[in-house]
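The block underneath contains the structure these notes are about, expressed in structure tokens.
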Amino acid sequence: MSLANDLYLAAHDTVRSRCVLTPATLGLGLSGGLLVELVLWRRLEIHGDHLTVVDDRPTADVASAAVLGQLTREHRRGVRDWIAFLATGVATDLVARRLTREGLVRRTARRTLFGTRLSFPPVDSVVSGMPASRLRVAADRRELLGVPDLVLTGLVLATGLDQHALISLDPRSRDHLLDQLRRRMPASLQLLVGHAEAAVGDAVMARRA
């Protein structure tokens, strides 16, 4: 399950391999993605504003297992609290390192006046463009999306990434995606995506204040 991977790749320009989201927005989206992965692994359940670990066995994936371990040790944070915590750099680091292990991004270091800045741009622009292309093709063909791609679509919209990844969709194709999100995405995952969207909105308002 690589939902957060897909969001990370979709957030990068296929020409210059630069992220089109702010670090804060990317982190919030990836936080939501990692939590959804744990729901799909059947390790986590979401009820309103609360997260419940229903199976504390580590997953086969290092990144999601690390988040699960943190969730298991700390029981008092709600969904928004966890999204905010993971968005401090934890989620981005976990996903970037997972993609590095899979050979999909490369670690680069650039010296600045304030020290060394690390980045993890995609290795292949074709591969990085595949998640967004998959959603666009499905929308244009009026195909039904599986749950992971429904959530990916929801997080693309929640982070504003649709202005980059789905900008070429005509109104009917876009409506097809939105209708699927309303009718076919599980209610608990709709809640989680909604929390991520609200967190992004709060972050935008804080920057403008």
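The values are calculated or read from the model by the stated rules, or taken from the named source; none is laboratory data. Keep in mind the model is a prediction, meaning the values are calculated, not measured. Please note: Cβ atoms are built from the backbone with ideal geometry, for glycine as well, and neighbour counts cover all protein chains shown.
Total residues in the range 139-164 satisfying the condition of being closer than 22 Å to residue 21 by Cβ and either touching a Leu at 6+ places or on another chain (Cβ under 7 Å) or not hydrophobic (A, V, I, L, M, F, W, C) (or both): the figure is 16. Quick one: is residue 39 in contact with an Asp or Glu (Cβ under 6 Å, 6 or more places away or on another chain), surrounded by 14 or more Cβ atoms within 10 Å (Cβ to Cβ), among the β-branched types (Val, Ile, Thr) and in contact (Cβ under 8 Å) with a residue 40 or more places away in the chain? Against the criterion (in contact with an Asp or Glu (Cβ under 6 Å, 6 or more places away or on another chain), surrounded by 14 or more Cβ atoms within 10 Å (Cβ to Cβ), among the β-branched types (Val, Ile, Thr) and in contact (Cβ under 8 Å) with a residue 40 or more places away in the chain), residue 39 does not qualify.
Number of residues in the range 78-113 that are within 15 Å of the chain's Cα centre (by Cα) and among the small types (Gly, Ala, Ser): the value is 5.
Filtering 96, 60 for residues that are modelled with pLDDT under 95, more than 19 Å from residue 192 (Cβ to Cβ) and either out of contact with any Pro (no Cβ under 8 Å at 6 or more places or on another chain) or not charged (D, E, K, R) (or both) leaves a single hit, 60. For the range 114-128, the set of residues classified as surrounded by fewer than 17 Cβ atoms within 10 Å (Cβ to Cβ) and under 21 Å from residue 99 (Cβ atoms) consists of 116, 117, 118, 119, 123, 124, 125, 126, 127, listed by residue number. Pairs are defined by a Cβ separation below 7 Å, a sequence spacing of at least 6 or placement on different chains, a first member in the range 1-19 that is surrounded by fewer than 21 Cβ atoms within 10 Å (Cβ to Cβ), and a second member that is assigned to a strand (DSSP E or B); the pairs so defined are 17/122; 18/12; 19/12. Could you please let me know if residue 46 is buried (at least 20 other Cβ atoms within 10 Å of the Cβ), farther than 30 Å from residue 124 by Cα and in contact (Cβ under 8 Å) with a residue 12 or more places away in the chain? So residue 46 fits the description; yes. Scanning the range 177-197 turns up at least one residue that is assigned to a loop (DSSP other than H, G, I, E, B) and surrounded by 12 or more Cβ atoms within 10 Å (Cβ to Cβ).
Among the numbered conditions (1) out of contact with any Asp or Glu (no Cβ under 6 Å at 6 or more places or on another chain); (2) not in a loop (DSSP other than H, G, I, E, B), the only one that residue 17 does not meet is (2).
Within the range 23-124, which strands (runs of 3 or more DSSP E) (wholly inside it) include 3 or more residues that are closer than 29 Å to residue 207 by Cβ?
Working: elements: 44-47, 50-53, 108-112, 115-119.
Correct list: 108-112, 115-119.
Does residue 208 meet the test of being farther than 18 Å from residue 16 by Cβ, modelled with pLDDT under 90 and of a type outside the set (Val, Ile, Thr)? Answer is yes for this residue.
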